[in-house]
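See below for the structure under consideration.
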């Protein structure tokens with residue numbers, strides 16, 4: 001079974017802090033993704049990566065950056081956290097085109 | 001027009017009935033289609049993949065794809081209260097991204 005592990009289930013940070021969310025997958029998947037999910041808005045893609053050191057913006061990249069230094073790890077960075085970034089953050093990975101994504105358990109992030 | 005459309009629900013069905021969840025999409029080049037189940041507060045879980053026209057069955061679940069009409073559906077037979085969740089339709093057109101619908105909430109009532 002595919003295992004996608006997110007570093008924290010719950011996280012509370014303060015406005016202005018730099019926040020790191022980590023995601024690790026154990027299936028040698030090329031593609032990794034970061035989403036946020038808010039009630040009524042569905043899943044929104046923040047960034048994705050199709051290879052080490054490669055990244056592409058998703059639909060809502062503003063206020064976020066990412067890092068992929070190793071194939072198995074994809075980090076999401078909130079440069080200066082704001083209250084409107086309070087959300088559920090989901091990491092996913094997949095082998096390649098036309099394959100399903102597999103999700104981690106999610107991180108519920110609260111910015112106070 | 002949204003790329004993937006789902007009725008948000010809630011769709012209520014009695015226990016033991018067939019639940020029918022529908023999804024329409026706008027991009028004709030879409031190639032792969034997926035159904036995810038998401039319980040409240042949890043992450044989405046893949047339950048079905050379908051790639052060609054017709055029906056695909058897996059236990060109590062049947063996915064149906066009609067590319068000409070641009071819809072994909074999920075049937076759940078003998079619905080159980082544990083099936084109560086939000087069901088997300090997703091598809092890909094061959095690029096790196098998966099496009100998700102906003103989900104249909106299913107409630108299975110005793």
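Within 10 Å of the Cβ of each residue in A:31-38, the mean number of Cβ atoms contributed by other protein chains is 2. Placing pseudo-labels 7 Å out from each Cα toward the beta carbon at residue A:73 and residue A:108 gives an inter-label distance of 2.7 nm. The simple Förster model, with R0 at 25 Å and r as the Cβ-Cβ distance, assigns residue B:45 and residue A:28 a FRET efficiency of 0.75.
Please report the antiparallel percentage of the DSSP beta bridges confined to chain B, to the nearest 5.
90 percent
Placing pseudo-labels 7 Å out from each Cα toward the beta carbon at residue A:17 and residue B:5 gives an inter-label distance of 4.3 nm.
Over chain B, the Kirkwood radius and the radius of gyration, each from Cα atoms, give a ratio Rg/Rh of 0.95. Between residue B:96 and residue B:53, the simple spin-label model (points 7 angstrom out along Cα→Cβ) gives 3.3 nm. Counting Cβ atoms of other protein chains within 10 Å of each Cβ in A:12-20 and taking the mean gives 0. For the residues of A:93-104, the average number of beta carbons from a partner chain within 10 Å of their own beta carbon is 5.
Where a number appears in this text, it was derived from the coordinates with a stated rule and is not lab data. Everything quoted here is computed from the prediction, not taken from an experiment. Ideal geometry is used to build each Cβ from the backbone, glycine not excepted, and the neighbour counts take in all protein chains shown.
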